[in-house]
Structure formats: C-alpha cells, structure tokens
Amino acid sequence: MRTLIIIGGGLVLLALFALGGRLLGGNPAMVTAMRIFIPLWAIAAGINMYIGVAQAGYSVMEELPIFLLIFGLPAVAAGLVWWKCS
C-alpha cells in the first residue's frame, strides 16, 4: 500500500510540474519541467529506498525492484509528456 501511495504522490507531483510548465510557457517550458522532474524524482525514490534499507531492515536487493517501480512509473509518464511536447 505504501508503494502505491508513493507512486501516486509522484504522479501528482508530475502533474504539478506539467501544469507549472504549461502555465509558464507552453510546451518548451513543459519539456524543461520534465527535465527537472525526472532527476528530482530519482532522488526522492532513492531516499525512499534508503529508508527501506536503513530503517525498515530490507536488503538493497529486496528494495531494488520497489525502487525501480516507484521511480519508473512516474519517470515513464514524464518521458511520455516530454516526447509529446517536443
């Protein structure tokens, strides 16, 4: 359940970035917003993985598929927005 909540949060954050880009300058600004979103989301997903390893006691190999899912779904959506706007 926590994984779904984090993915949902990433998609909401992506929507906010896309809306901000749209309001600030249309498609070119949306592309810039996606360029900013993807590394920021990678950092957020990495922090989540760190918490899973350091505090929850999971191994890196146990957390890696969850990290890929948490990072991958919003990042792929951002890539699609980027592709559509460029």
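Read-outs throughout are calculated quantities, based only on the coordinates presented, and are distinct from any laboratory measurement. Only a predicted model underlies this, so the values are computations on that prediction, with no experimental measurement involved.
Rank A75, A18, A56 by mean-square fluctuation in a GNM of the chain with C-alpha springs under 10 angstrom and give only the top-ranked residue.
So, out of A75, A18, A56, the one fluctuating most is A56.
Where Rh is the Kirkwood radius over the Cα pairs of the range 8-77, the temperature 10 °C and the viscosity 1.306 mPa s, what D in µm²/s does Stokes-Einstein return?
124 µm²/s
List, in order, the whole-Hz ³J(HN,Hα) value for each residue of the range 72-86 obtained from phi through the Karplus relation with A = 6.51, B = -1.76, C = 1.60 and θ = phi - 60°; use x for Gly and Pro.
Values per residue, Gly and Pro as x: x, 4, x, 5, 5, 4, 5, x, 5, 5, 4, 4, 5, 8, 9 Hz.
How large is ³J(HN,Hα), in whole Hz, for each residue of the range 60-69 in order, when computed from phi with the Karplus curve 6.51 cos²θ - 1.76 cosθ + 1.60 and θ = phi - 60°, using x for Gly and Pro?
Couplings: 4, 5, 6, 7, 4, x, 5, 4, 4, 5 Hz.
Mind telling me which of M34, M61, M49 comes out most flexible in a GNM of the chain, alpha-carbon contacts under 10 Å?
M61
Normalising by the residue count of the chain, find the relative contact order in percent from Cα pairs under 8 Å and 6+ residues apart.
Once normalised by length, the contact order is 37 percent.
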